[in-house]
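Below is one structure, written out as C-alpha cells, with a few remarks after it.
Just so it is clear, none of the values below were taken in a lab; they were calculated from the coordinates. Quick caveat, the model's predicted, so the values are computed rather than measured. A quick note on method: Cβ atoms are made from the backbone with ideal geometry, for glycine too, and the neighbour counts reach across all protein chains shown.
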Amino acid sequence: MEKLLLLMVVFAVCHAETKDMSGKVFVFPKEAITDYVKLLTEKSKFDAVTTCLRFQTDLDRNYSIFSLATQSRSNDYLIFKTNKDGIMMHVRNPNTVFQSMPLTPNVWHSLCSTWRSDDGTAQLWLDNQTSIIRYIAKGPIDGKPSTILGQEQDSYGGGFDVTQSFVGVITAVHMWDRIIASEEIKYYMMHRYFSPGNVYNWGSLDYEIVGDVRVAREHDVKWM
C-alpha cells in the first residue's frame, strides 16, 4: 500500500524545473482540493515583501489568490478575496481587509501587495487603484516557505478547502524580498519593463504542478 501511494504522488506531481513562463499562463479549470501550483525558492527569511500577479476568474465567492505558509504559521503571507468588496491580507497569521476593492468576475486584474516587518504595515494596488496603508503585524517571516497558487493553506502545504479554491487563469507572478518602488509597480501594471522578482520570477520560475493544472499560451486565453 505504501508503494502504491508513493507511485500516485509521483504521477500526480510534475518534477520541479526552472522555466521561462513569459507569454504563458497557469490554467485552473475546476473546483478541487487536488489541483495547485507550488512555487519554489531557496529564500527562507523576509523582512519585507512585494508580490505582483495577474489573474482572471468568473468566481463571485471567496477564493485564495496567493498563499505562503511556513511550518510555524499557515497564513504567513496570504492574499484572499472575501465574499464582499474587499481583499483580505494575512501576515504572520493576523489579517486586515482592504475595503472597496472589488474583484469583478471575468475581468483581468493586476494585483500587487507590499508589507514591511519594521512597522507591520501593508498596502495593495489593484489595477489603477491604490489602497490606504494598513497595519497587520510586525516581525519577519521566517522559515522555509510553502507557496501555493490555486489553494489556501490551513496547514503547511495542505489543509485545503474546495470552497476557497481558485478557478481561472494566473500569470506574471513575481515576488521580491523588499518593497519595490511605486514606479516599478506602475510599470508592472502598465505591462512595461520592470526589475523581475528575486524570490519568484515569471521569466525564470521554479515550480511544481500538482493535479489538473495546465500551462497555456497567453494569446490562447481571451485577454481583456
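Values of log10 I(q)/I(0) for the chain across q = 0.12, 0.13 Å⁻¹ run -0.60, -0.71, by the Debye formula with one identical scatterer at each alpha carbon and no solvent.
Dipole magnitude for the range 146-207: about 280 debye, using +1 per Lys or Arg Cβ and -1 per Asp or Glu Cβ, origin at the Cα centre.
Can you work out the FRET efficiency for the pair residue 163 and residue 119, with r the C-beta to C-beta distance and R0 = 30 Å, to the nearest 0.05?
0.30
Simple rule: put +1 on each Lys or Arg Cβ and -1 on each Asp or Glu Cβ in the chain, find the dipole, and look at 121, 207, 55; the Cα lying farthest toward the positive end is 121. Specify which residue in the list 29, 78, 107 is farthest towards the positive end of the charge dipole of the range 16-220, using unit charges on the beta carbon of Lys, Arg (+1) and Asp, Glu (-1), about the Cα centre. The one lying farthest along the dipole's positive direction is 78.
In this calculation the C-beta distance from residue 129 to residue 71 is compared with R0 = 30 Å, giving a FRET efficiency of 0.30. Using θ = phi - 60° in the Karplus curve 6.51 cos²θ - 1.76 cosθ + 1.60, the 3J(HN,Hα) couplings for the range 113-125 round to 9, 9, 7, 10, 7, 5, 10, x, 9, 9, 8, 10, 10 Hz; x is entered for Gly and Pro. Taking Cα centre as origin and charging only the Cβ of basic (Lys, Arg, +1) and acidic (Asp, Glu, -1) residues, the dipole magnitude of the range 16-220 rounds to 280 debye. Label-to-label distance, residue 33 versus residue 82, with points set 7 angstrom from Cα along the beta-carbon direction: 2.5 nm.
Legend: distances between Cα atoms for 81/138; 45/81; 43/84; 24/144; pairs beyond 32 Å are 43/84.
The distance between label points at residue 221 and residue 193 comes to 2.6 nm (points 7 Å beyond Cα on the Cα→Cβ vector). Extension gain, residue 20 to residue 155: 0.36 nm times the residue separation minus the Cα-Cα distance gives 45.6 nm.
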